Structure formats: structure tokens, C-alpha cells
Amino acid sequence: MRLTKTLYIVTEENGQVIDYDPFGRPIYGDPETIKSPFKGEVEPYSNTLAERTYGVFVEVTNRVFCKPNEDLKILSDIEYLEESYKVTEIMKYDKHYEVLIRKGAN
């Protein structure tokens, strides 16, 4: 399997603790956005193909083939070619994942 495209799993982590409120709860600074790269192959896909091929009823615009990656989860945010995507389904196989994603989901 040739994986020629670079995609990113986008996560946000709380910023550093900058203070505490009167009840002792931490107050965090600005959240930090982390982009974790992974290699994959992206192709156009449709809801109808997802129903016929996998038997799942999800909104999908593309399918990604990639190596197994435990950081990929349903509703994860993905960035590819500076566009935002949302993971809608993951089919896990022994040597690869087939991930259905939807464009423009925030």
C-alpha cells in the first residue's frame, strides 16, 4: 500500500494553569492546538458507497487508507490540504484502517 499523502489529527489541549479561582479550581491559559501527522491515501467517497460497501449510514465525502493508528477515533478532527474533516467511521483491519471522513465539519 503506497501512502503518499500527509494528513493531521488535530487535538486541543488545555493551556498551562495560570491561576486558581476562589474555590481552588485551576484557571487555564489559551488552549494549545496539536497536529499529529500520519500518512494515508485519500479518495472521494459517498454516503451511498458507504452503505453498500460497509453497511454503515454515515455522512462521508472521502475515504482514507492508512496504517493502524490508535489516535484515530470517531469524531476526531482531521486536516488535509488545509481543509477540516471529521472522522465518521473507522473500519479496522489487521494491516490497515479504512477511515470515512466528512469535509467541512467543525
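The set of residues in region 1-37 that are of a type in the set (A, V, I, L, M, F, W, C) and free of Cβ contacts under 8 Å to residues at least 40 places away in the same chain comprises Val17, Ile18, Phe23, Ile27, Ile34. Evaluating Ile18 against the criteria (1) within 30 Å of Glu98 (Cα to Cα); (2) exposed (fewer than 11 other Cβ atoms within 10 Å of the Cβ) leaves one unmet condition, (1). Residues that are at positive phi and either in a strand (DSSP E or B) or open to solvent by less than 80 Å² (accessible area, probe 1.4 Å) (or both) are absent from region 29-48. Of the residues making up region 75-95, at least one is open to solvent by 80 Å² or more (accessible area, probe 1.4 Å), part of a strand (DSSP E or B) and out of contact with any Leu (no Cβ under 6 Å at 6 or more places or on another chain).
The values are calculated or read from the model by the stated rules, or taken from the named source; none is laboratory data. The model shown is predicted, which means the values in this text are computed figures rather than measured ones. Because the Cβ atoms are built from the backbone with ideal geometry, glycine has one as well, and the counts that use them run over all protein chains shown. Surface areas here come from the heavy atoms of the whole protein model, side chains and all, with no ligands, DNA or RNA. Shrake-Rupley method; radii C 1.70, N 1.55, O 1.52, S 1.80 Å.
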